[in-house]
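Enquirer: Let me give you the structure first, and then I'll get to my questions.
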Amino acid sequence: MKIRSTLTVLVILLASSVSVPQSATAASVVAFDAVVPAPASASPSAGVTYQITSSTAVYSDAPEVGDQLARQLRRSTGYPIPIVTTPPAGGITLRLGSVSGGDEAYQLDVTASAITVLANRPAGLFNGVQTLRQLLPYAADSATVQPGPWPVPGGRIVDQPRYPYRGAMLDVARHFFSVAAVERYIDQIALYKLNYLHLHLSDDQGWRIVIDSWPRLATYGGSTAVGGDPGGYYTKAQYQEIVSYATSRNITIIPEIDMPGHTNAALASYAELNCDGVAPPLYTGTEVGFSSLCTSKEITYTFVDQVLGELAAITPGPYLHLGGDEASSTQPADYKTFMNRAQDIAAAHGKTVIGWHDVVNATPLPTTIAQYWGTTQRNTAVATAGRKVIMSPASRAYLDMKYNRRTPLGQTWAGTIEVRDAYGWDPGAYLTGLPPSQVMGVEGPLWTETIRTSADIEYMAFPRLPALAELAWSPYSTHDWTAFKQRLGAQGPRWRVMGVNYYHSTQIAWPAGS
Ligand code: NGO
């Protein structure tokens, strides 16, 4: 008897201290506040739900956004979901009109009889649709027909981003990733309203984009990867396919050619880029800081001009990323001369420069953006450089850091980063002395020394990248770990049906079955 009552007490204690996740079924109504990133404002209408049925139709002022939504709904509901040419009574309407908050803002209204997204620009409609996707039962993200029903909780969301820059970076140089793998990642990050994908296209271990005037960069410099794994490169047509795939998902591609360091693949491909005129062998290790373009040779600047010129011509976005990090085998004065000329060259090709924050050691153009990747909150040179900063502090935002010591992939040089660490900082107040107005946004870089497959990418990015997306999108007034981990947990079943290989952090209350 005594044992039984002690057990009962224990069970009650356990039940009250462990938050038991709601067992959502594939067709349950999603809570109106279950969206990641948290909307600027959300007002649920208690007891109201809209049902997607076999007669639901879609109208859109931005045809591509409407098509994407209809295609996805057809796939999982099996309903015809026609696109119609006038707003359907009782259907889903995506309208351009006037809302406050700029190009990416939107307003979403769900009543018992209709769903309406209103935005100034197609980008806003796209964002509104990403919110709508998260308000649908998670089975709606399935690639195959599911039984339904398809309720959407009623209410109004009025939403706009905190920052204009919400990015992810994929290092396709240390390991090469196919067009299909990059597009898969684009699909995954678009759901969290990220709007930039930075591709690290060159490094010591590989050059990944065809440059017609320097063909050996791709054919020879692209033949290797870390650890002797297969190399690869994108043709210009493939790169442009990635750009247009991203564009239709409100994502701008930022290509990076890292220079003057991190250039062994280029130096190995062309002897004339080396000061001694001798090409080094290709490199498949993971050391950094040993390579440098020859800053005193004029051919180096011809090279930079032709590479950036060809890249600018196939890049519709406004930015070129010139790297500039860890140039420890370039003399400081040479670094300055080189980076100053490289910035002028990029500007002459009509592009704005982004550099890793080391670029402040040169004389950055007034428009040059510094990407902060330090491990401390203090860097006076960056904070006082008087320019825009993208926040990627390595100890918070580097997706290649392990979650904990047991994580099978990744590195630890900037520490370990559990989900709560990735979420628990304010990009607007992180770097001491940097005026909040200089913060342009947040980016989660994924370096791939240890990352080889899409499953690896997903394991490191999910769930930390959605945490960073929330820091970049949501007003800081919504910042609340307890609420966030519930909302994040609700994404688990969605990732499962999407086939995303996410890390089941024990910090998150994942619903049963996810
Ligand atoms: C550093 C380095 C990269 C590494 C990465 C690994 C920057 C900007 N340069 O970040 O070459 O791949 O760390 O975490």
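The values are calculated or read from the model by the stated rules, or taken from the named source; none is laboratory data. All values derive from a computational prediction rather than experimental measurement. Here the Cβ is made from the backbone with ideal geometry for all residues, glycine too, and neighbour counts use every protein chain on show.
Enquirer: Can you give me the number of residues within the stretch 65-94 that are surrounded by fewer than 14 Cβ atoms within 10 Å (Cβ to Cβ) and part of a helix (DSSP H, G or I)?
Expert: 1
Enquirer: Here's another thing I want to ask about it. Checking the condition in the same structural domain as residue 230 (by TED's automatic domain parsing), within 16 Å of the ligand (Cβ to nearest atom) and of a type in the set (S, T, N, Q), which residue from 264, 274 passes?
Expert: 264
Enquirer: When you scan the stretch 389-412, how many residues do you find that are within 17 Å of residue 167 (Cα to Cα) and part of a loop (DSSP other than H, G, I, E, B)?
Expert: 5
Enquirer: What about residue 243, is it in the same structural domain as residue 287 (by TED's automatic domain parsing), among the hydrophobic types (A, V, I, L, M, F, W, C), crowded, with 23+ Cβ neighbours inside 10 Å and assigned to a helix (DSSP H, G or I)?
Expert: no
Enquirer: Continuing with this model, one more query. Every residue in the stretch 50-63 that is farther than 19 Å from residue 142 by Cα and exposed (fewer than 15 other Cβ atoms within 10 Å of the Cβ), please.
Expert: 55, 63
Enquirer: Out of (1) more than 16 Å from the ligand (Cβ to nearest atom); (2) of a type in the set (A, V, I, L, M); (3) in contact with a Ser or Thr (Cβ under 9 Å, 6 or more places away or on another chain), what's the single condition that is false for residue 339?
Expert: Status for residue 339: all satisfied but (1).
Enquirer: Are any residues in the stretch 136-174 of a type outside the set (Ser, Thr, Tyr), more than 14 Å from residue 52 (Cβ to Cβ) and more than 16 Å from the ligand (Cβ to nearest atom), and if so, which ones?
Expert: Scanning the stretch 136-174 gives 143, 155, 156, 157, 158, 159, 160, 161, 162, 164, 166.
Enquirer: State which residue is farthest from the ligand (Cβ to nearest atom) when the search covers only the stretch 395-408 and only residues that are buried (at least 20 other Cβ atoms within 10 Å of the Cβ) and not basic (Lys, Arg).
Expert: 403
Yes/no per residue for (1) over 19 Å from residue 388 (Cα atoms); (2) more than 16 Å from the ligand (Cβ to nearest atom); (3) not basic (Lys, Arg):
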{"residue": "417", "(1), (2), (3)": "yes, no, yes"}
{"residue": "428", "(1), (2), (3)": "no, yes, yes"}
{"residue": "432", "(1), (2), (3)": "no, yes, yes"}
{"residue": "440", "(1), (2), (3)": "no, yes, yes"}
{"residue": "451", "(1), (2), (3)": "yes, no, yes"}
{"residue": "458", "(1), (2), (3)": "yes, yes, yes"}
{"residue": "461", "(1), (2), (3)": "yes, no, yes"}
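Enquirer: Further question on the same structure: So is residue 376 surrounded by fewer than 18 Cβ atoms within 10 Å (Cβ to Cβ), farther than 23 Å from residue 332 by Cα, assigned by TED's automatic domain parsing to the domain that holds residue 198 and within 16 Å of the ligand (Cβ to nearest atom) or not?
Expert: In short, no.
Enquirer: Answer yes or no as to whether residue 329 is within 16 Å of the ligand (Cβ to nearest atom), in the same structural domain as residue 224 (by TED's automatic domain parsing), part of a loop (DSSP other than H, G, I, E, B) and more than 22 Å from residue 167 (Cβ to Cβ).
Expert: yes
Enquirer: Then there's this: For residue 218, only one of the following conditions fails: (1) crowded, with 18+ Cβ neighbours inside 10 Å; (2) within 21 Å of residue 357 (Cβ to Cβ). What is its number?
Expert: (2)
Enquirer: Now for a separate question. Which one of 431, 465, 471 is in a loop (DSSP other than H, G, I, E, B), touching a Phe, Trp or Tyr at 6+ places or on another chain (Cβ under 8 Å) and crowded, with 19+ Cβ neighbours inside 10 Å?
Expert: Sole residue among the options that is in a loop (DSSP other than H, G, I, E, B), touching a Phe, Trp or Tyr at 6+ places or on another chain (Cβ under 8 Å) and crowded, with 19+ Cβ neighbours inside 10 Å: 431.
Enquirer: Among 117, 158, 172, which is the only one that is over 26 Å from residue 458 (Cβ atoms), crowded, with 22+ Cβ neighbours inside 10 Å and hydrophobic (A, V, I, L, M, F, W, C)?
Expert: The match here is 117.
Enquirer: Within the stretch 168-189, is there a residue that is under 29 Å from residue 396 (Cβ atoms), among the small types (Gly, Ala, Ser) and over 22 Å from the mean Cα position of the chain (by Cα)?
Expert: No, that holds for no residue.
Enquirer: A further question on this structure: Residue check: is residue 386 within 18 Å of the chain's Cα centre (by Cα), more than 16 Å from the ligand (Cβ to nearest atom) and at positive phi?
Expert: No: the conditions fail for residue 386.
Enquirer: Taking the stretch 475-495, which residues are in contact with a helix residue (DSSP H, G or I) (Cβ under 9 Å, 6 or more places away or on another chain) and either touching a residue at least 60 places away in the same chain (Cβ under 8 Å) or among the hydroxyl-bearing types (Ser, Thr, Tyr) (or both)?
Expert: Of everything in the stretch 475-495, those that are in contact with a helix residue (DSSP H, G or I) (Cβ under 9 Å, 6 or more places away or on another chain) and either touching a residue at least 60 places away in the same chain (Cβ under 8 Å) or among the hydroxyl-bearing types (Ser, Thr, Tyr) (or both) turn out to be 478, 481, 484, 485, 487, 488, 490, 491, 493, 494.
Enquirer: Filter the stretch 346-373 down to residues that are surrounded by fewer than 19 Cβ atoms within 10 Å (Cβ to Cβ) and under 25 Å from the mean Cα position of the chain (by Cα) and give me whichever is nearest to the ligand (Cβ to nearest atom).
Expert: Checking each candidate, the answer is 352.
Enquirer: Here's another thing I want to ask about it. So residue 420 fits all but one of (1) in a helix (DSSP H, G or I); (2) free of Cβ contacts under 8 Å to residues at least 60 places away in the same chain; (3) assigned by TED's automatic domain parsing to the domain that holds residue 379; what number is the exception?
Expert: That leaves (2) as the condition not met.
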